[in-house]
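Worksheet for the structure shown next.
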Amino acid sequence: MSNFLNLLIAGLATGAIYAVVAIGFTLLWQTSQTINFAQGEFVMLPAFFMLAAMNLGLPFMLAVLVGIGLSLLVLGLLFKRVLVDPMLRHGVLPLAIATMALSIALKESVKELYSAEAHPFPSVVPAGNVDVLGVPVSMQSLGVLVIAVLAVVALNLLLTRTSVGHQMQATAQNPTVARIVGIPVERMILYTFLINAGLVALGSLLVTPIYLAKFSTGEILGQAAFIAAIVGGFNQVRGAVAGGLLLGVVDNLAAAYVSAQYRAAVPLFLLIVIILFRPQGLLGRVEERTV
């Protein structure tokens, strides 16, 4: 029982990180039909922004603020203005290919300009264990889970309880009608890119202390988050959350009770099952598009 509870909480913590990154996939697709295949590298990069700031002598918390600020600028504003806006005019496929190229460029740039070695990264959660139902559980896992849940709740409140959130939802549902009623659609789309940049910076802050800062971090994380978004429902934020948590728990339990050797196959198997029996995802809705 003790081992199962630890595995469950660790799986939920991992799944919460997947969910935070998957929400970014979902938001970008809903508002601008953008599929960012560099999302995993977007999670990797803020950690190196923060490490570079610490190497310049800044304390950790100030380096975190610098890393988040650079993420908003580079992974939010510049990503939209320099890559997405010009490429989206040519269609979704050229943009998808461009983000694949960006993924490779970011990974190789960090490898060449910073280091190919893995670097330790400070944790925002103190080390140690805490008793949960009489079972010692890692504080890091609990801390990651709590922070991720608070971020998702805050985002949900933004989208459902504020005027900006309602305008963003209207933009996602029908940008043409949104423009007619006076909603600044381009500004709402920009806000979505900035939110995605903030989410990947948060994901980087949570995952890097566990897996270390290395140029290849984004490969597995980006794939897992993309699968989580599809499993939960690519057109629903709540689907991304559900898909991330489910994937994290199933992955962790399968590695412990089935075989760690085939751990990488578990997300792919889950993806195949969902596509075969519920292609819109667990919580997604069916969309009809004219071709």
> Looking at the stretch 251-278, which of the residues that are at pLDDT below 85 and either among the charged types (D, E, K, R) or not in a helix (DSSP H, G or I) (or both) is nearest to the chain's Cα centre (by Cα)?
Replying inline: Ala264
> Could we say that Gly182 is more than 20 Å from the chain's Cα centre (by Cα) and without any contact (Cβ under 8 Å) to a residue 60 or more places away in the chain here?
Replying inline: yes
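Residues in the stretch 197-214: is at least one hydroxyl-bearing (Ser, Thr, Tyr), farther than 24 Å from Phe4 by Cα, modelled with pLDDT of 85 or more and in contact with a Leu (Cβ under 6 Å, 6 or more places away or on another chain)?
Quick first cut of the stretch 197-214, residues hydroxyl-bearing (Ser, Thr, Tyr) only: 204, 208, 211.
In the following step, the residues that additionally are farther than 24 Å from Phe4 by Cα were identified as 204, 208.
So of that shortlist, the ones also modelled with pLDDT of 85 or more come out as 204, 208.
Okay, now just the ones that are also in contact with a Leu (Cβ under 6 Å, 6 or more places away or on another chain), so none.
No - not one qualifying residue is present in the stretch 197-214.
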> Restricting attention to the stretch 125-132, does a residue exist that is β-branched (Val, Ile, Thr) and assigned to a strand (DSSP E or B)?
Replying inline: yes
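With the condition kept exactly as written, say whether any residue in the stretch 105-112 is buried (at least 20 other Cβ atoms within 10 Å of the Cβ) and over 16 Å from Asn196 (Cβ atoms).
At the first step, the residues of the stretch 105-112 found to be buried (at least 20 other Cβ atoms within 10 Å of the Cβ) are 106-107, 110.
Filter again for over 16 Å from Asn196 (Cβ atoms), leaving 107, 110.
Yes, that holds for at least one residue.
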> Does Gln140 satisfy the criteria of being buried (at least 18 other Cβ atoms within 10 Å of the Cβ) and touching a Ser or Thr at 6+ places or on another chain (Cβ under 9 Å)?
Replying inline: yes
>> As an exercise: evaluate Val200 against (1) buried (at least 23 other Cβ atoms within 10 Å of the Cβ); (2) β-branched (Val, Ile, Thr); (3) more than 20 Å from the chain's Cα centre (by Cα) and give the number of the one condition it does not meet.
In response: (3)
> Across the stretch 135-182, what is the total count of residues that are outside any helix (DSSP H, G or I) and either touching a strand residue (DSSP E or B) at 6+ places or on another chain (Cβ under 6 Å) or within 24 Å of Leu245 (Cβ to Cβ) (or both)?
Replying inline: 4
>> Residues that are buried (at least 24 other Cβ atoms within 10 Å of the Cβ) and β-branched (Val, Ile, Thr), at least 3 per element: which helices (runs of 4 or more DSSP H) completely within the stretch 1-103 meet that?
In response: 2-32
> Pick from the stretch 171-197 the residues that are of a type in the set (A, V, I, L, M) and in contact with a Lys or Arg (Cβ under 9 Å, 6 or more places away or on another chain): which of them is surrounded by the most Cβ atoms within 10 Å (Cβ to Cβ)?
Replying inline: Ile189
> Of these, Asn129, Asn156, which one is over 22 Å from Ala63 (Cβ atoms), surrounded by 13 or more Cβ atoms within 10 Å (Cβ to Cβ), without any contact (Cβ under 8 Å) to a residue 24 or more places away in the chain and not hydroxyl-bearing (Ser, Thr, Tyr)?
Replying inline: Asn129
> From the list Gly232, Gly203, Gly218, which residue is over 28 Å from Val82 (Cα atoms) and among the small types (Gly, Ala, Ser)?
Replying inline: Gly232
> In the stretch 193-213, is there at least one residue being in contact (Cβ under 8 Å) with a residue 40 or more places away in the chain, on the phi > 0 side of the Ramachandran plot and in contact with a strand residue (DSSP E or B) (Cβ under 9 Å, 6 or more places away or on another chain)?
Replying inline: yes
>> Among the listed residues Gly233, Gly239, Gly248, identify the single one that is over 12 Å from the mean Cα position of the chain (by Cα), buried (at least 21 other Cβ atoms within 10 Å of the Cβ), on the phi > 0 side of the Ramachandran plot and not acidic (Asp, Glu).
In response: Gly233
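The values are calculated or read from the model by the stated rules, or taken from the named source; none is laboratory data. The shown structure was predicted, so the numbers you read here are calculated from the model rather than taken from an experiment. Note: ideal-geometry Cβ built from the backbone for every residue, glycine included; neighbour counts use all protein chains shown.
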